[in-house]
Amino acid sequence: MELMDGTRLLANRCKRRNFLLGAGFLTGLTIASQWHPVLASSRFSGYPFSLGVASGDPLPDGVVIWTRLAPNPLSGGGMPLVNVPVRWQVALDENMKRVVRRGTVLATPELAHSVHVDVRGLNPDRWYWYQFQVGKEVSPIGRTRTAPASYSYTQQLNFAFVSCQDWQNGYYTAYRHLAEENLDLVVHLGDYIYEYGPQSGGPRQHNSPEIITLKDYRDRHALYKTDPNLQAAHAAFPWIVTWDDHEVDNNYANLIPEDNQTQEAFRKRRANAYQAYYEHMPLRQSSLPKGPDTLLYRRLTFGNLAEFNVLDTRQYRTNQPCDDGLKPRCPQAFDTNATMTGSEQEQWLRKGLDQSRSRWNVIAQQTMLAEYNFNSSPGVGVFNVDQWDGYVAARNRLLSFLNQRQPSNPVVITGDIHSSWVHNLKLDFNNPNSPTVGTEFVGTSITSDFPTSFIAPSQAALINNPHTKFFDGAYRGYVRCNLTPKRWQSDYRVVSSIVDMNASVKTLASFVVQNGQPGAHLN
Ligand SMILES: [Fe+2]
């Protein structure tokens, strides 16, 4: 139980006498790096839990709890190059009195002194609280929740999904409000960090140039994680996270970067970015990167009510057609070999949907699946070819599959575009009489910009996209979802401002999907 993350990197060479940290709490077997000694004193240059705590990927019997020791978070973390034993405990109460699981894990320099504990042996469908300790320093207490027992009757699930939190563009007031919601879970759909250098015009700025090295990516994640509202949202609920492009580089596809980097240089950059992502997220060891590769797509089930298919549409995708951007489609946009997911993930998704016993089958992914013609006039359509509109054959395969195999209530949740949308997913978007095979809810950003000049043209183009039931580009926020066996409700929760830390929150619009009837209706 106490053998946690990074065992691949670690060897069991540690002697108990090396620990000076409350030996009574240490529970037998402990692991140490073969390359580094264990910390001989527990004095730090600052508070080691400056990045807060988090939990994620809940199972019926367990959850991952996370922290990272970083007394100097904005410049390398500030930890000595030694292994540091970190104690953890999980309790039934918020005062950490009724402890049900505890252990010690080593924070190692190889993983930037991050800690991922895959706590098991918990009971399904209940709240737990957790805390870390190193020396005399204790972390904030986090709250988390296990998933309902496999295929058990589950009456309700409340979750919110979020994406796109450009630090420079605004404050995380949306997270302050999200942390106060009644939720079981948060799903993050990508653009957790942005890779850019400092840009003026927003209320705060990145503190370093465009990020390339492992240290760069670590420091950028740490900068974001210092935000108290983001920390509060992590401490309140378990999260399921996936990435989009900005965790590495704008609009990258597989090993093709945005700018002129060699493939070898970009391979190294992607490895750096993926490693720093793992180090800062509450992920299982199955998502530990292997060089430039990381297995991030995965499936999480909540009783018989909902199953989340969490996709990775960046790591395996083919290059964007027609040189990217917003434009009429070139022939490559219809290439049958073009892929968002890669064929392995595509097969995995189909198989999972086919075998699912859940009422709601969620596809949690990055860019808009529905077609959207941004041209408001008749004639040649204009499409965002970084979205599934640039991968038409791959989309058609998925939509045809939904039509033929009819998995129960497919609902796609999407980020990336920094604006709010609701789409009915049509088998053929050019034929309004074609069957609706699913529903897509696209959430706005936490802070990232949707240029105001795009709002009116996007709005005007609704006339050419009758399957699109809602669009808003003015507001930032998150989408709160309430699921029961009978209906799915999505509330578009938006903040009044991203430059005012005291901004209020309201529901901009609310849409419902009824069980067995694909497509959304205004509530
Ligand atoms: Fe974004």
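The values are calculated or read from the model by the stated rules, or taken from the named source; none is laboratory data. Bear in mind that the values here come from a model prediction, so they are computed numbers and not experimental data. Cβ: placed from backbone, ideal geometry, glycine included. Neighbour counts: every protein chain shown.
When segment 278-299 is filtered for residues that are surrounded by 23 or more Cβ atoms within 10 Å (Cβ to Cβ) and acidic (Asp, Glu), only Glu279 remains. With the requirement that a residue be over 23 Å from Leu402 (Cα atoms) and more than 25 Å from the chain's Cα centre (by Cα), what does segment 467-499 give you? Selection gives nothing. Among residues of segment 482-502 that are over 15 Å from Gln165 (Cα atoms) and touching a residue at least 12 places away in the same chain (Cβ under 8 Å), those with a Cβ under 9 angstrom from a residue that is exposed (fewer than 15 other Cβ atoms within 10 Å of the Cβ) and charged (D, E, K, R), sequence gap 6+ or separate chain, pair up as Arg493/Lys506. Residues of segment 208-255 being crowded, with 17+ Cβ neighbours inside 10 Å, charged (D, E, K, R) and not in a loop (DSSP other than H, G, I, E, B), which ones? Scanning segment 208-255 gives Asp216, Arg218, Asp219, Arg220, Lys225.
When segment 162-178 is limited to residues that are among the hydrophobic types (A, V, I, L, M, F, W, C) and within 13 Å of Val495 (Cβ to Cβ), the one that is nearest to the ligand (Cβ to nearest atom) turns out to be Val162.
Residue check: Glu247 meets all listed conditions (1) within 16 Å of the ligand (Cβ to nearest atom); (2) closer than 23 Å to Met79 by Cα but one, namely (2). Checking each residue in segment 256-277 for being surrounded by fewer than 20 Cβ atoms within 10 Å (Cβ to Cβ) and closer than 23 Å to Ser75 by Cα picks out Lys268, Ala271.
For Gly190, the test of being at pLDDT 95 or above, away from the ligand (no atom under 16 Å from the Cβ) and among the small types (Gly, Ala, Ser) is failed. For segment 468-489, what are the residues that are under 20 Å from Trp360 (Cβ atoms) and crowded, with 21+ Cβ neighbours inside 10 Å? Passing the criteria: Tyr478, Val479, Arg480, Cys481, Leu483, Trp488.
Of all the listed residues (Gly56, Gly121), the sole one being surrounded by fewer than 18 Cβ atoms within 10 Å (Cβ to Cβ) and not aliphatic (A, V, I, L, M) is Gly121. Within segment 387-405, residues that are part of a loop (DSSP other than H, G, I, E, B) reach partners that are surrounded by 18 or more Cβ atoms within 10 Å (Cβ to Cβ) with beta carbons closer than 7 Å, at six or more positions or on different chains, in the pairs Gln387/Thr367; Gln387/Met368; Tyr391/Ala338; Tyr391/Thr339; Tyr391/Met340.
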